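Chemist: Let me begin by handing over the structure; questions about it come next.
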Amino acid sequence: MSKEFETQSSFDKFYKTTEGYFQWEEVGKKVKISNHTGYSLYHVNRNMDDRFVEDLLLEENSNLDDEYMKEICSFIKCENPSEMNCWNPIEVKGHCCKICGKSILFEIDKSDSVKQFMYFSLVKINEIKKLYNNLYGISFSRITMTPTIKPTYQLVVFQSNNSLTYNTTIIESIINQTIPIFNLFGKSEINILYENASKNILFWSVEKKVLLILLCLIILLAYMALKFNLIEKIKNYTRFIYYNVPEENFIIRYKNDNVNISRTKEETVCLLLEEEEEECNSIKNI
């Protein structure tokens, strides 16, 4: 019989998960989502070394199969990647939403590894979490679902406190502290198959670049308006459109039988001697 959930919080409470972080990390294998899905049984090859069979049972994949994830994620609303506090949020196995962090897929030769390799590794990983006051999460799970001498694992370091500014330096530091744990208990070097990481949001993001360009255009237009007296020209053009041509004023100078006329913003004036006033008036009426 399937169980229905009205809210995300009721789902989280039932499955003991935390939405927004690495919500499916703690989900058990025997969870039943609906009548149409069922959990996958491991097909153990008895011809394999018993130790690798035991490893498989002890290192049960903590992430759900794709059929589970598809149904779970159908009602999970993820944060818009453009609104997250990192650039290039990553997708990882066992999680519906993209997260800010770094993921590594690696294989390791377990021919000489300690027993309960994953258990002892997780103990050390929890110590690293405490060093960072649990502000950063570390997820470690087995991906290979068959007994093998070289299983594949997924390591994810992510930011569990979304109020913090994403910092790739801290993420890389945690990764560098975690990998030696696998080398120690595996008694061999891990072989990294794939890695993907988010990046810090640059100060010059796309939005800020657009705003800067608009600001430069405004400054340029203001400069051109002052330099070429564009505002006055626009006013005159507007008056011309509405048949309101402004009256032009002049300074009229009369000297040595020569007339010099120049424009002025003030009223028209005539710079002549008193006895030449009559001639000035005749010129003003031109």
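Chemist: So, of the residues in region 178-201 that are in contact with a strand residue (DSSP E or B) (Cβ under 9 Å, 6 or more places away or on another chain) and charged (D, E, K, R), which turns out to be modelled with the lowest pLDDT?
Modeler: Within region 178-201, the match that is modelled with the lowest pLDDT is Lys199.
Chemist: Same structure, new question: If I filter region 85-101 down to residues being surrounded by fewer than 21 Cβ atoms within 10 Å (Cβ to Cβ) and outside any loop (DSSP other than H, G, I, E, B), which single residue comes out as farthest from the chain's Cα centre (by Cα)?
Modeler: Top of the filtered list is Ile90.
Chemist: Can you confirm whether Lys124 is farther than 26 Å from Ile72 by Cβ and over 15 Å from the mean Cα position of the chain (by Cα)?
Modeler: Answer is yes for this residue.
Chemist: Here's a follow-up. Any residue at all in region 111-127 that's over 23 Å from Asp50 (Cβ atoms), in the same structural domain as Lys70 (by TED's automatic domain parsing), in a loop (DSSP other than H, G, I, E, B) and among the β-branched types (Val, Ile, Thr)?
Modeler: No: region 111-127 contains no residue that is over 23 Å from Asp50 (Cβ atoms), in the same structural domain as Lys70 (by TED's automatic domain parsing), in a loop (DSSP other than H, G, I, E, B) and among the β-branched types (Val, Ile, Thr).
Chemist: Residues that are at pLDDT 75 or above and either within 18 Å of Ile171 (Cβ to Cβ) or of a type in the set (D, E, K, R) (or both): does region 38-49 have at least one?
Modeler: no
Chemist: Still on this structure, I have one more. Could you check region 145-194 and list, in sequence order, the residues that are part of a strand (DSSP E or B) and farther than 25 Å from Lys115 by Cα?
Modeler: Result: Phe158, Gln159, Tyr194.
Chemist: Starting from residues that are at pLDDT 75 or above and part of a loop (DSSP other than H, G, I, E, B), keep the ones in region 56-74 and report whichever is farthest from Tyr166 (Cα to Cα).
Modeler: Selected residue: Glu59.
Chemist: If a residue has to be surrounded by fewer than 15 Cβ atoms within 10 Å (Cβ to Cβ) and either of a type in the set (D, E, K, R) or over 22 Å from Ile170 (Cα atoms) (or both) to count, how many in region 102-126 make the cut?
Modeler: 5
The values are calculated or read from the model by the stated rules, or taken from the named source; none is laboratory data. All values reported here derive from a predicted model rather than from experimental measurement. Cβ sites come from the backbone with ideal geometry, for glycine too, and all protein chains shown count toward neighbours.
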